[in-house]
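Here the structure is laid out as structure tokens; the discussion comes afterwards.
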Amino acid sequence: MKIVISIFAIAGFSVLLWKLPFFRNTGLKTWQVLCAFYVKLLVAVAFYVMYAHYPTYKNQSDSQAFYQSAAQFAAIAHEDFGDYLRASFRIPVKMPEIRKKLPKIAYWNRPYDNSMPNDTRQTLILYSFLYLLAFGSLPVMLIVANFLAFCGLFALFKAFLGARWLREPQPPVVERSRNDILLPAAIACFAIPSTLFWSSGLMKEVWLLLFMGFTVYSATMFFTTKKMRFAVFALLWGIALLHIKIYIAGFLLPLLGIYAIRQKWQKPNAVVFYGCAFAVLIFLAFCAHWFANFNIIEVLVQQRNTFIRMLEAQNHSAIILQTFDESSNFIAQIFVGLGNVFLRPNVFDTQNVFVFLAGLENTIIAALIICAIILCVKKCSTSTTLSNQIPSDYTILAIVFVVTVFTIIGFTTPNMGALMRYKSVLLPFVVMLVVNDLPNIRNFTNVKLH
């Protein structure tokens, strides 16, 4: 029966991909969109088999834990739907019995308290909605979750296609058509194994890709059409993103705001404009420390130490970052973490076939980054003046976004598996940058901005 229901669910989502205007007029044919979705489902099958049957990972599945926790929380809806909704929206529940049950649900509370919002609880609540809609069927929940992640990736794909309009005006002789961007964007969104893999279970990455993809897509549509409804959509999706992964939203939303200001104020030199914008952000961070007693560095250290304590409590041996004491140089710690994000795992971290495949992928991406930087430097060095080779505003902000988030991930994540998982959602930006943007820094000789 589960197989029949799953087939009907896949057929229903296939019809949506075939008929909805959102998935059309991108340069991809309908059968290509459907194939990309089916590949996502095949990866989901591989994810399920790996965590259900492979001994090393059988007891380490966050996907299974989220399913069990969602089942416990969804059971409250059958007892008192009003209290279920109250708990979902962080309103105190009325029934004492339910109030006692909530702390016993896995993932409802963190094992270690810290000052960061509990995004794990929010993820659990979202999956409880899916649990009720799927009548508790795990296969159907996995299919729905993969469709949602695919929608987020498709929104990001459309944003990458629209990003050519986020570039400063350029003469027709150097205008690049959408077809030139189509293949890199398709590879970035639908062909990165780790991005597909880590968004294939009942994981936080499903909602992260969904909310981040539509935030970027809505902002892109606003910048290109100037229609206010897209600005409202971007704000709403951004608020949802804040509840799932605050540090990604905390950098993505200000960067989108900076770009919006840049569109209205193109007169200053890019270096001056972005230098001032980032100086303002740093000043605001200091103000948060002085007046609100919010120290970003202390929060990051707290988050990393909490992660280490959790790993030690589980007797986990895959800690790859050095544990620094309070007197260690913070800048050194940042660079160590950033190096781990870009270089680990690699082909030399072969613990099993899964780590080898992840290391092979990461090694290829690292090689692409190095090649893109070399091409960029070479192109700039052959120009008559360095100022003639200027990356677009989109490229500048994408680089800042990726490097900043990777820095946070590297600093706070001491575990190999978590490192692969957390950075997977940013890899479409990385691949798009190294394949399409950095090697094609435009020449602005004799070009005037309108």
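The values are calculated or read from the model by the stated rules, or taken from the named source; none is laboratory data. Treat the numbers as computed from the prediction; the structure is a model and nothing was measured. Neighbour counts are summed over all protein chains in view; Cβ atoms, including those assigned to glycine, are modelled from backbone coordinates with ideal geometry. We work out accessible area using only protein heavy atoms, side chains counted, and drop any ligands, DNA or RNA first. Shrake-Rupley method; radii C 1.70, N 1.55, O 1.52, S 1.80 Å.
Mind listing whichever residues of region 262-313 are out of contact with any helix residue (DSSP H, G or I) (no Cβ under 8 Å at 6 or more places or on another chain), among the small types (Gly, Ala, Ser) and touching a residue at least 40 places away in the same chain (Cβ under 8 Å)?
Ala313, the sole residue that qualifies.
Identify, by number, the condition in (1) in contact (Cβ under 8 Å) with a residue 40 or more places away in the chain; (2) open to solvent by 90 Å² or more (accessible area, probe 1.4 Å) that Ala71 doesn't meet.
(2)
Inspect region 339-361 for any residue being closer than 17 Å to Ser194 by Cα, of a type in the set (Ser, Thr, Tyr) and either surrounded by fewer than 17 Cβ atoms within 10 Å (Cβ to Cβ) or at pLDDT 80 or above (or both) and give the result as yes or no.
Yes, region 339-361 contains at least one residue that is closer than 17 Å to Ser194 by Cα, of a type in the set (Ser, Thr, Tyr) and either surrounded by fewer than 17 Cβ atoms within 10 Å (Cβ to Cβ) or at pLDDT 80 or above (or both).
What's the total number of residues in region 224-265 that are of a type in the set (A, V, I, L, M, F, W, C) and open to solvent by less than 20 Å² (accessible area, probe 1.4 Å)?
Going through region 224-265 one residue at a time, the tally reaches 8.
Spot the failing condition for Phe233; the list is (1) modelled with pLDDT of 95 or more; (2) closer than 18 Å to Cys189 by Cβ; (3) hydrophobic (A, V, I, L, M, F, W, C), and only one is missed.
(2)
Looking at region 76-89, is at least one residue modelled with pLDDT of 85 or more and assigned to a loop (DSSP other than H, G, I, E, B)?
Yes, because at least one residue in region 76-89 is modelled with pLDDT of 85 or more and assigned to a loop (DSSP other than H, G, I, E, B).
Being open to solvent by less than 60 Å² (accessible area, probe 1.4 Å), within 19 Å of Ile409 (Cα to Cα) and in a helix (DSSP H, G or I) is the filter here, so list the residues in region 286-304 that pass it.
Val299, Leu300, Val301, Arg304
Return yes when Ala240 is in a helix (DSSP H, G or I), free of Cβ contacts under 8 Å to residues at least 60 places away in the same chain and farther than 15 Å from Cys151 by Cβ and no when it is not.
So Ala240 fails the test.
Quick check on my filter: what residues within region 382-397 are open to solvent by 10 Å² or more (accessible area, probe 1.4 Å) and modelled with pLDDT of 80 or more?
If the condition is that a residue be open to solvent by 10 Å² or more (accessible area, probe 1.4 Å) and modelled with pLDDT of 80 or more, then Tyr394, Ile396, Leu397 are the ones that fit.
Given the options Leu156, Leu148, Leu130, Leu126, name the one that is part of a helix (DSSP H, G or I), at pLDDT 90 or above and farther than 24 Å from Ser218 by Cα.
Leu130
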